[in-house]
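Step one of this worksheet: look at the structure below.
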Amino acid sequence: MSLHSLSFVNLLVIACLFVAFSTTSPAQQLAANEFVASYIRSGFVRSDSPALNEAEVIQRFIETEVKQREALNQHTFKRDVLLQTIGPNGEITGEYIRNSQFLFDDKGRRIERVLYHPSSTIHEMRITREDIQDLAGSQLLGVDITELRKYQFKVIGEETLGDRQVIGIDVTPGIQPDPDHMADRFFVGRIWIDARTSRVVKTEGFVEPQGKQRFPRFETWREPINAAFVFPTQTKADDILHFPTRDVHYRITVRYYDYKLFACEVSVKELDDVPPNR
């Protein structure tokens, strides 16, 4: 969030070639395994839990997340965003609404089709390019599996989350986030994976760099979509953003739903800038 304006990015979809849904090939799986082994050897894994083999925990997490991301790339889904500022007595002082449909292109990049986006009534601050980027990035996925080398992992140990036995993993940047490059976003926080399946159950943290902006601490939950896949279903944040001249009570409510298999390969060949909030 910022007190400055911005422009949003509109992705223009040029071609859509229908293809059959496929799983990871043996060659792709071998490449993924080699990457995992190389990543773990690099020393970007630490542990506070001697009872757990941290390398095995991280390897299972990465391998499982690769499969979940590949499956997500083959699905469309809808996302309803409600951003609100809250007054001193708990009243809503402004709202930003953005309801969209998402799919992924042939390189795994998210493509957003905005379905409903009325003019923002938030006046205390502006919703920035980075806010929109985080909504479709770290707040959706936590650690983007395609950017693993940006991160360090620290296995915390087993605990109970609701009725599930989970393993906590702290995530920190492997390099210092640069406030002069705000588009390069880093998730900082903790993920909890199911101790049995290694699927992500919950993500909690914030996004850096912040620069002159302020971003809330959020949590994202995943739930089973079918027997094989666990996808994000909700993101929430309720935080006080401390700007130099004021504090702003800020709330995020996001719902992800209507996941559908999309057996289509989409190529994106052009990027157009469009004006900010209509």
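The values are calculated or read from the model by the stated rules, or taken from the named source; none is laboratory data. These numbers were taken from a predicted model, which means no experiment stands behind them. All Cβ positions, glycine included, derive from the backbone under ideal geometry; neighbour counts span all protein chains shown.
Could you check how many residues of the stretch 219-245 are farther than 28 Å from Ile127 by Cα, of a type outside the set (Phe, Trp, Tyr) and surrounded by 15 or more Cβ atoms within 10 Å (Cβ to Cβ)?
Residues meeting the conditions: 2.
Any residue at all in the stretch 132-139 that's among the small types (Gly, Ala, Ser), closer than 29 Å to Leu241 by Cβ, modelled with pLDDT under 95 and not in a helix (DSSP H, G or I)?
Yes, the stretch 132-139 contains at least one residue that is among the small types (Gly, Ala, Ser), closer than 29 Å to Leu241 by Cβ, modelled with pLDDT under 95 and not in a helix (DSSP H, G or I).
Given Val155, Val143, which one is part of a loop (DSSP other than H, G, I, E, B), buried (at least 18 other Cβ atoms within 10 Å of the Cβ) and either at pLDDT below 95 or in contact with a helix residue (DSSP H, G or I) (Cβ under 7 Å, 6 or more places away or on another chain) (or both)? I'd like the intermediate steps shown before the answer.
Working: Val155 fails: part of a loop (DSSP other than H, G, I, E, B).
Checking each option against the conditions leaves just Val143.
Checking the condition over 29 Å from Ile111 (Cα atoms) and crowded, with 16+ Cβ neighbours inside 10 Å, which residue from Ile167, Ile132, Ile127 passes? Before the answer, list the steps.
Details: Ile132 fails: over 29 Å from Ile111 (Cα atoms); Ile127 fails: over 29 Å from Ile111 (Cα atoms).
Ile167 is the lone residue from the list that is over 29 Å from Ile111 (Cα atoms) and crowded, with 16+ Cβ neighbours inside 10 Å.
Restricting attention to strands (runs of 3 or more DSSP E) lying wholly within the stretch 180-269, give those where 1 or more residues are free of Cβ contacts under 8 Å to residues at least 40 places away in the same chain, among the aliphatic types (A, V, I, L, M) and closer than 25 Å to Leu83 by Cβ.
186-194, 230-242
Considering only the stretch 152-189, how many residues are more than 19 Å from Asn53 (Cβ to Cβ) and not polar (S, T, N, Q)?
So the first thing to find is which residues in the stretch 152-189 are more than 19 Å from Asn53 (Cβ to Cβ), and the list is 160-164, 172-189.
Now drop any that are not not polar (S, T, N, Q), which leaves 161-164, 173-175, 177-189.
Going through the stretch 152-189 one residue at a time, the tally reaches 20.
If Glu63 satisfies all but one of (1) under 24 Å from Tyr259 (Cα atoms); (2) buried (at least 19 other Cβ atoms within 10 Å of the Cβ); (3) not basic (Lys, Arg), what's the number of the condition it fails?
Result: Glu63 passes all but (2).
Quick test of your reading of the structure: Leu6 fulfils all but one of (1) closer than 29 Å to Asp239 by Cβ; (2) in contact with a Lys or Arg (Cβ under 6 Å, 6 or more places away or on another chain); (3) at pLDDT 60 or above. Name the failing condition by number.
(3)
Of all residues in the stretch 245-278, which are at pLDDT below 90 and among the acidic types (Asp, Glu)?
Result: Glu265, Glu270, Asp272, Asp273.
Give the residue that is nearest to the chain's Cα centre (by Cα), with candidates limited to residues of the stretch 75-116 that are surrounded by 18 or more Cβ atoms within 10 Å (Cβ to Cβ) and of a type in the set (S, T, N, Q).
Among those that are surrounded by 18 or more Cβ atoms within 10 Å (Cβ to Cβ) and of a type in the set (S, T, N, Q), it is Ser100.
Could you grab me the full set of residues in the stretch 147-169 that are closer than 20 Å to Gln68 by Cα and either acidic (Asp, Glu) or touching a Phe, Trp or Tyr at 6+ places or on another chain (Cβ under 9 Å) (or both)? Break it down stepwise before answering.
Initially, the stretch 147-169 is screened for residues closer than 20 Å to Gln68 by Cα, giving 147-151, 153, 164-169.
Selection gives Glu147, Leu148, Arg149, Lys150, Tyr151, Phe153, Arg164, Val166, Ile167, Gly168, Ile169.
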